[in-house]
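Please read the structure below before turning to the comments.
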Amino acid sequence: MESTSLALKIEMKGISKAFSGTEVLKAIDFELKEGEFHALVGENGAGKSTLLKILCGAYSLDQGEIYLNGQNVLIDSPAKAQQLGISIVHQDINLVPYLSIAENLFLGQKFSKKMLGMMDWKNLHRKSKEICHMVGLNRKVTTEVRELTFFEKRLLTIGQALLNPNMQVMILDEPTASMDKYAKDQLFRVLTNLKENKISVIYVSHRLNEVFEITDRITVLRNGEKIKTVRTAETSTDQLVSMMIGQKLREQYPDRKPNIGTAILQIKRLSNSVLSNVSFTLHQGEIFGIFGTTGSGKTELIRSIYGVDSYEQGEIILEDRVIKSINPKKAIKKGIFLVPEDRREQGLILNMALKENLLLANFDKHTRSYLINHKIESKEAKGLIKRLKIKTAGIKQKVVYLSGGNQQKVVLGKGLYTDSKLYLFDEPTKGVDVGAKAEIYKLMDQLAAQGTGIILATSELNEAIGLCDRIGVLYHGELIAIVPNDQSNQTEEKILALALAGENIA
């Protein structure tokens, strides 16, 4: 996509910001044109979120100026940003599940009949239908949000932003996280309409293939500084990654030399309301990929093995012993650990300190007679922080204040502390920058080299091919093929055809 308009919508000049004496933004210049899709990329901690929070009025700037349509503006609150027509669609979806689409759209807004003080449902539903049509949400507006798919919820959050009558600039923060290719393509068709209506978009994503697909220009931040702004059509993925982290894309994936051992896990005919007769074997030292689109059953399979979800038929055999019943507590005791897809909801206690989160899954390791040895506890936590390169103010810092990539490292550290023999990774690099991804891939390779068995459930085909020894393809809950990974184009095409259509290509 390429913007033909030269009119500047947003100019941020010399933006600087410091917290507690630490400078996190250093004289950043950023421009957004009318009707332009402009990507803002960089590692976690590069300064993207801080810059955007200044633009949205959540943070004040220390130095610099902001211009909207050529006029100097003071954005001192989120309400002021909204008034100026600047809206943000956050990565985390915050909707009320038991309220309808219409109620969620207009939540917090006055919508009553004149004089009577009663809700004007007829008018509310009419306006809701208009918004839903605009974003391609084909549901009755009386449908409760809990019945929507993730993709439909994302459309709803975009609809909420479009309710702003002054809309000029929309900020999209990781809008396709947890989406498969089909849902992403649908979303991009919706976003194209924004461009046609001359709405300018700042697009934040760690999925660089999407950045190249939908944006006109790209601005790269690193360590609080602007590295460069480039036209998307005039750069490459390798060049972009090098600007972000000083490392080429192909160096993300370790040069694996797998040493496959004996079978550690056998799944036989596993079935429930989502899964249908899933069978496969995982070996020591193997990274086994589970690839599929949204709704394929990837997460349900992982959760069933870990005992979060139940299964109605089938067997789970760990080291030649049938596990007759399983739950997360038993799984950890048996040497199985899950890194869940949703780290914030399922993997962390956000308001608890970093130290406690890291050691949470194996407190027995540093307790005697129900007494915690705080000295050993601190030493162990610091060791994990160093090993995983977690950026933090200290072991007492609350996890909620860490970046997404560092939060994911905390979940990984919690798993490492269990010394498990089998790790289940469910979308472990979702919302994580390229630098942190490379570190996670390296860790997985190290675990496999030690003889650990790993199952990686992912919707990123490049990730599956770059890391896994074999790739199982799930389609509507059925494991329809296990593909040996020779990292060829034919392998990529075959897996995609299986995942999207449930059949082999000719």
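The values are calculated or read from the model by the stated rules, or taken from the named source; none is laboratory data. Worth saying up front: this structure is predicted, and the values here are computed from it rather than measured. Counting neighbours? That spans all protein chains shown, and the Cβs are built from the backbone with ideal geometry, glycine included. When the accessible area is computed, the model is the full protein with side chains, heavy atoms only, and any ligands, DNA or RNA have been set aside. Shrake-Rupley method; radii C 1.70, N 1.55, O 1.52, S 1.80 Å.
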Practice item. Output the residue which, of all residues in region 309-341 that are part of a helix (DSSP H, G or I) and basic (Lys, Arg), is most open to solvent (accessible area, probe 1.4 Å). Key: LYS333
Study note, to complete from the structure: Filtering region 120-145 down to residues that are in a helix (DSSP H, G or I) and touching a Leu at 6+ places or on another chain (Cβ under 9 Å) yields LEU124, LYS127, SER128, ILE131, CYS132, MET134, VAL135, VAL145
Check your understanding: ASN164: touching a residue at least 40 places away in the same chain (Cβ under 8 Å), of a type outside the set (A, V, I, L, M), open to solvent by 30 Å² or more (accessible area, probe 1.4 Å) and farther than 30 Å from GLY297 by Cβ, yes or no?
Key -> no
Exercise for review: Kindly indicate whether ASN272 is of a type in the set (S, T, N, Q) and open to solvent by 30 Å² or more (accessible area, probe 1.4 Å).
Suggested key: no
Point to revise | Hits in region 350-380 (condition: modelled with pLDDT of 85 or more, open to solvent by less than 100 Å² (accessible area, probe 1.4 Å) and assigned to a loop (DSSP other than H, G, I, E, B)) | key: LEU350, MET352
Review point. Any chance region 445-457 includes a residue that's crowded, with 21+ Cβ neighbours inside 10 Å and within 20 Å of THR176 (Cα to Cα)?
Key: yes
Revision key, fill the gap. Residue count, region 304-329, condition under 25 Å from the mean Cα position of the chain (by Cα) and either without any contact (Cβ under 8 Å) to a residue 40 or more places away in the chain or at positive phi (or both), comes to 5
Exercise for review: Would you mention how many residues in region 194-218 are under 25 Å from ALA438 (Cβ atoms) and of a type in the set (Asp, Glu)?
Suggested key: 2
Check your understanding: Among the listed residues LEU191, LEU221, which satisfies the condition of being over 20 Å from ALA436 (Cβ atoms), open to solvent by less than 50 Å² (accessible area, probe 1.4 Å) and either outside any strand (DSSP E or B) or touching a residue at least 12 places away in the same chain (Cβ under 8 Å) (or both)?
Key -> LEU191
Practice item. Go through GLY404, GLY413, GLY383, GLY394 for me and flag whichever is modelled with pLDDT under 85, open to solvent by less than 60 Å² (accessible area, probe 1.4 Å) and of a type outside the set (S, T, N, Q). Key: GLY404
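Hey, can you tell me all the residues within region 467-483 that are on the phi < 0 side of the Ramachandran plot and modelled with pLDDT under 90?
Passing the criteria: only TYR475.
Every residue, every condition in (1) under 23 Å from the mean Cα position of the chain (by Cα); (2) at pLDDT 80 or above; (3) farther than 27 Å from LEU474 by Cβ; (4) in a loop (DSSP other than H, G, I, E, B), yes or no:
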{"position": "LYS198", "(1), (2), (3), (4)": "no, yes, yes, yes"}
{"position": "ILE202", "(1), (2), (3), (4)": "yes, yes, yes, no"}
{"position": "GLU210", "(1), (2), (3), (4)": "yes, yes, no, no"}
{"position": "LYS226", "(1), (2), (3), (4)": "no, yes, yes, no"}
{"position": "ALA233", "(1), (2), (3), (4)": "no, yes, yes, no"}
{"position": "ARG256", "(1), (2), (3), (4)": "no, yes, no, yes"}
{"position": "ILE264", "(1), (2), (3), (4)": "no, yes, no, no"}
Review point. Is region 83-99 home to any residue that is part of a helix (DSSP H, G or I) and either at pLDDT 90 or above or in contact with a Leu (Cβ under 8 Å, 6 or more places away or on another chain) (or both)?
Key: yes
Practice item. Could you tell me which residue of region 275-290 is surrounded by the most Cβ atoms within 10 Å (Cβ to Cβ), considering only residues that are of a type in the set (S, T, N, Q) and farther than 19 Å from LEU447 by Cβ? Key: SER276
**Study point:** Residues of region 39-65 classified as open to solvent by 10 Å² or more (accessible area, probe 1.4 Å), within 29 Å of ALA233 (Cα to Cα) and touching a helix residue (DSSP H, G or I) at 6+ places or on another chain (Cβ under 8 Å), total
**Key:** 4
Practice item. Test VAL434 against the criterion of being open to solvent by less than 30 Å² (accessible area, probe 1.4 Å) and touching an Asp or Glu at 6+ places or on another chain (Cβ under 8 Å), and give yes or no. Key: yes
Study note, to complete from the structure: Inside region 416-428, the number of residues satisfying the requirement of being buried (at least 21 other Cβ atoms within 10 Å of the Cβ) and in contact (Cβ under 8 Å) with a residue 60 or more places away in the chain is 8
Review point. Of the residues that sit in region 291-308 and are of a type in the set (D, E, K, R) and in contact with a Ser or Thr (Cβ under 9 Å, 6 or more places away or on another chain), which one is surrounded by the fewest Cβ atoms within 10 Å (Cβ to Cβ)?
Key: GLU300
**Study point:** Pairs where the first residue, in region 330-357, is under 28 Å from PHE150 (Cα atoms) and the second is charged (D, E, K, R) and open to solvent by 20 Å² or more (accessible area, probe 1.4 Å), C-beta under 6 Å, 6+ apart
**Key:** ASN351/LYS398
